Amino acid sequence: MAPAWGHGLASAVSPVGLLVVLLVGGCAAEEPPRFIKEPKDQIGVSGGVASFVCQATGDPRPRVTWNKKGKKVNSQRFETIEFDGSAGAVLRIQPLRTPRDENVYECVAQNSVGEITVHAKLTVLREDQLPPGFPNIDMGPQLKVVERTRTATMLCAASGNPDPEITWFKDFLPVDPSASNGRIKQLRSESTPIRGALQIESSEETDQGKYECVATNSAGVRYSSPANLYVRGGNVNITCVAVGSPMPYVKWMQGAEDLTPEDDMPVGRISPQSPRDPRGDREHSHHITLITGTRAPDPVSYYVIEYKSKSQDGPYQSKRTSPRRFTASAA
């Protein structure tokens with residue numbers, strides 16, 4: 001392909017009558033898109049998950065989008081997660097429905113030079129239709145908390161015939177151990193039933209997120225339930241919801257320590273950066289959120305909410321609760 005000149009050409013006549021051609025700007029060779037990661041056909045299970053990964057390169061950088069029957073996918077169960085500056089995109093469908101989700105999906109990569117398309121077929125089976133050997137997750141990852149710089153291991157074991165290949169997703173994007181300079185590894189020893197475990201050395205705050213292991217063989221694809229990895233040294237967002245009539249005042253306590261000043265009791269959300277640095281946020285009038293640094297010596301296992309009527313004086317009433325919705329009667 002002929003190069004595209006950056007800004008153009010200018011000409012001038014020299015004193016000796018020669019025509020001098022001046023190059024103005026640079027030379028940039030434009031390239032049409034080409035796929036560097038193409039989606040594969042998948043056989044999923046009804047109620048489960050399917051993810052198609054597509055990535056392209058080119059100059060200018062192409063944009064990747066997903067279509068179904070020539071139209072952009074549009075459904076609450078369909079989510080497109082972009083990466084690599086929109087040059088890559090994951091199409092995630094959850095939960096799968098049969099037969100409505102069975103179709104051919106199109107990944108389109110486009111830039112100013114050209115456009116290319118690749119297709120992937122999705123088949124969705126009911127549990128009672130699964131063929132022998134369909135992958136099964138025997139042990140999925142569990143919630144884990146790890147100190148920063150320490151090693152975290154997310155476990156996964158799967159069975160099927162043939163033996164399924166195990167891969168990992170973090171926050172709905174594929175995990176690529178080869179891009180981590182050896183810091184992230186997948187254990188593949190045939191002598192252990194957890195040969196698909198994901199090992200993360202020298203944990204960083206960026207490793208924190210929601211992990212899923214995926215078992216794939218020629219019979220189909222099965223996803224584990226997601227599990228969160230928390231890296232101590234990062235932030236953990238904990239939300240507690242209180243409702244009442246009239247709306248109760250709410251605050252956080254850690255043991256006997258009051259995290260919310262009594263003269264600043266919010267009817268809404270409190271978002272301290274750590275248990276030692278609370279500040280109020282009144283944007284929401286129905287819940288409060290504690291954002292606590294995970295370097296705190298003791299994990300938060302329950303919350304004590306004190307409340308009283310906004311219109312009456314009197315002592316606060318206390319309610320101990322785990323992180324879930326509860327109703328507070330304002331006396």
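The values are calculated or read from the model by the stated rules, or taken from the named source; none is laboratory data. These figures come from a predicted structure and were not determined experimentally. Note that we place each Cβ from the backbone using ideal geometry, even for glycine, and neighbour counts take in every protein chain shown. Keep in mind that these areas ignore ligands, DNA and RNA; they rest on the heavy atoms of the full protein, side chains included. Shrake-Rupley method; radii C 1.70, N 1.55, O 1.52, S 1.80 Å.
Sort 173-183, 243-253 for me by packing, meaning the mean count of neighbouring Cβ atoms within 10 Å per residue, highest on top.
On the way: 173-183: 13.1, 243-253: 18.7.
The most tightly packed comes first, giving 243-253, 173-183.
On a 30 Å Cα-Cα criterion, which of the cross-link pairs K72/K170; K68/K185; K69/K185 come out too long? Don't jump to the answer; show the numbers that get you there.
On the way: K72/K170 25 Å; K68/K185 35 Å; K69/K185 38 Å.
Violating the 30 Å Cα-Cα cut-off are K68/K185; K69/K185.
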Cubic angstrom per residue, convex hull over Cα atoms of region 32-125: 77 Å³
Measure off, as a whole percent, the carbon and sulfur share of the 1.4 Å-probe accessible area of region 33-104, all protein chains present. 42 percent
Theoretical FRET efficiency, 1/(1+(r/R0)^6), r = Cβ-Cβ of D163 and E257, R0 45 Å, to 0.05: 0.30
Taking 0.36 nm per intervening residue step and subtracting the Cα-Cα distance, what contour gain separates D128 from D59 on full extension? 20.1 nm
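Compute the accessible area per residue over region 32-125, keeping the other protein chains in place, probe 1.4 Å, unit Å². Provide the component values of the computation, followed by the final result.
On the way: 4670 Å² over 94 residues.
Heavy-atom SASA per residue in region 32-125 reads 50 Å².
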Got a sec? Which residues in region 38-70 would a label at I81 touch, if it sits 7 Å along Cα→Cβ and we count backbone N under 19 Å? 38-45, 47-56, 64-67
